[in-house]
1. One-quarter of the Cα convex hull surface for the range 6-211, in nm²?
2. May I ask you to derive the relative contact order of the range 6-211, considering only C-alpha pairs under 8 Å and at least 6 residues apart, and to give it as an integer percent?
3. Can you find, among F665, Q646, P621, the residue farthest towards the positive end of the dipole of the range 598-723? Put +1 on the C-beta of Lys and Arg, -1 on that of Asp and Glu.
4. Compare the peptides 617-624, 549-556 by average per-residue count of other Cβ atoms within 10 angstrom and give them in order, highest first.
5. Among N466, Y485, G230, which residue has its Cα positioned farthest towards the positive end of the charge dipole of the range 214-564, with +1 placed on the Cβ of Lys and Arg, -1 on the Cβ of Asp and Glu, and the dipole taken about the Cα centre?
6. Based on the alpha-carbon gyration tensor of the range 183-222 and its eigenvalue square roots a ≥ b ≥ c, which shape applies: rounded if a/c is under 1.5, prolate if not and a/b is larger than b/c, or oblate?
7. Please compute, over every Cα-Cα pair in the range 273-341, the percentage with a separation greater than 19 angstrom.
8. So how tilted is helix 10-22 from the main axis of the chain? Cα-based, degrees 0 to 90, rounded to 10.
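The values are calculated or read from the model by the stated rules, or taken from the named source; none is laboratory data. Note that this is a predicted model, so its numbers are computed, not measured. Note that each Cβ is placed from the backbone with ideal geometry, even for glycine, and that neighbours are counted across all protein chains shown. Surface accessibility is based on the protein's heavy atoms, side chains included, excluding ligands, DNA and RNA. Shrake-Rupley method; radii C 1.70, N 1.55, O 1.52, S 1.80 Å.
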Amino acid sequence: MAAGGLAGLLPAQTQLEYALLDADTPQEKENLVYQYLKKMDSRERDLTVPELGGDLQWLNTEGPISLHKDLCGKVVVLDFFTYCCINCLHLLPDLHALEHQYSDKDGLIIVGVHSAKFPNEKVLDNIKSAILRYNIVHPVVNDADATLWHELEVSCWPTLVILGPRGNMLFSLVGEGHREKLFLFTSITLKFYKERGQIKDNKIGIKLYRDSLPPSPLLFPGKVTLDNSGERLVIADTGHHRILVTQKNGEILHIIGGPNSGRRDGRFSEAAFNSPQGIAIKNNVIYVADTENHLIRKIDLELEMVTTVAGIGIQGVDKEGGAKGEEQPISSPWDVVFGNSISGTQEDNVLWIAMAGTHQIWALMLEGGKLPKGSDLKKGVCLRFAGSGNEENRNNAYPHKAGFAQPSGLSLASEEPWNCLFVADSESSTVRTISLKDGAVKHLVGGERDPLNLFAFGDVDGAGINAKLQHPLGVTWDKKRKLLYVADSYNHKIKVVDPKMKNCATLAGTGEASNVIGSSFTQSTFNEPGGLCVEGNGRLMYVADTNNHQIKVLDLETKILSMALPILIPEACDVPDNLPLQKDKIKNLPKLPKSAPNIQLPSLTVAPGQTIQFLLKLTLPPDSKLNEEAPNSWFITAEDNTWLLQGQCLSGEIKGVSSQTIIPFQLPMSCLSAEAILAIKACLYYCSKGSSACMMKGISFSQPLQIASTNQGSLTQVELIHTFLTN
């Protein structure tokens, strides 16, 4: 048994640590570790890890793993982690590098022991999502009741425990930043036990969860924002390591980076990100919190170029800053938002950064200016604005003395009487404010009064400290209603906060992690939503529903969650350039056979800017099959009203007839007439199963539009149904 847990290792390992500090050469260090192992191996009684319960759930494996049977003859690194913890995430690159250097054939196995902090993290599906999100490729066991954690008397996340081939405990490493020791201890342990013939080279049954998933247009989108015009959405497609710029109907305008992670500046096709999160757009410039690259990136949509404006690409430990952006190390930036300095002459001359990795709020000076309680700063300087760097829920009139705990979401209310930054402080489960007059940090909702208690979470509507949240990741300010919306991520809800009264109430979501769309806010569901934004006119809210791999659209006036935004990949679209509409785009559309029927649809009343979703469902004659090699397609025309087509997706592929094809269409904000007719056409090629004869058939649907000045709702769906008859 593990007599005394990790405490049993402490005396001998402490001696080793002191000796290593005095060692000058790698050879001396290796010898010291080798001698330590000889001493530990000759103990009368091993410090052994107890067997994991047989009823525990395993991921990335073919079945449950026994520490003392399956892993006998292996050097095992146990990683005690919880997926919300930024320090645990910082450790993952070290573990990736270690398993890249040593495989199970070499005798090394890494096992993640997931020991949850929040109740939401005990749920297997949520751990599965985290494994995918963070590309964890070693076995993970869901120790939901923290049985092994308690047996070994582990005290904090992350903790690594290195075991010898008999399940004998040899080393422990607490916290992040021990890469050199991890590699030293592991390599010498493998060498020591190989010399004694105790290492086995058998393979362990690894079955990666990610290999069983179907592809999707979005993968764990973390954040979403709108440009000032309200016409373009910017989406951090975090799991695909890319940024998408789309129209409000989901039609993609730009794909920047992806699908693989990397770190590269350059043209959109060359650029690479690593799990980007926060995004802020002004005119044609986007700033990106490139989280796992520890960088702030700048995207210029006109030049189609990506550059780095802060960070050096390595996790920083500096908690003060003050260097020029591209020379200043930073740590896991999670969100960004524009703001103003107190002395600057230009608007939006500061980029505020939620620096989750050092538990602080930083500023990148986009122009020269002065911050509250600070001195004049030059353009390009990147520095700490608020937060001591200690992981705390501490409020203080002096911003440097306040403490945050993994701040992950930012929003700005520049108008009086607020004039503040709202901060989603995830690990303290609070929303906090930072005054942009004097830098004072104050509590708004959630958490509790003890600044060191980071376990005051729950799901309770109420005022101030009586309200409870669970790991909120996003906030957005509604200028029209003077309300703050919160992505209460681990409660799978959107909450609304009145900052004047400090009231916090559930707006949408049931608390269940699932995916219910097309119903009232109170019946709709989410799965760990990470970010959100609201239109300037206060009508629509867009939510990055992270674990559902969707952007959801909520109508704040009708209180209906109308749809998940369809993301239209440009390969399937022929998108005209900016005005004027190019004539050759229309010429290139296919022509229907003269025999194609034209179906007149009932007139539809719509409003400028409204989205129509045409649902095309075509049925072939009996004993026919679609010729999938042929160019089966849909397309849209508007002969006397070409203004309707500006910026639209004019055509797309029909990939099959077993399910409906969704054709999105958004009316322009500026409509040139009160009536118009839209034609939606489809062209199919199909063959009779019994013969080699193939046919081309067409269908046209004529949709009259009555364009009203009053809003008709955010989304209208129109079914286009037709059955082709046998010749």
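1. The Cα convex hull of the range 6-211, projected and averaged over all directions, gives 10.9 nm².
2. Rounded, it is 31 percent for the range 6-211.
3. Of the listed residues, the answer is P621.
4. So the order, starting with the most tightly packed, is 549-556, 617-624.
5. N466
6. oblate
7. When all Cα pairs of the range 273-341 are counted, 30 percent exceed 19 Å.
8. The angle comes out at about 90 degrees.
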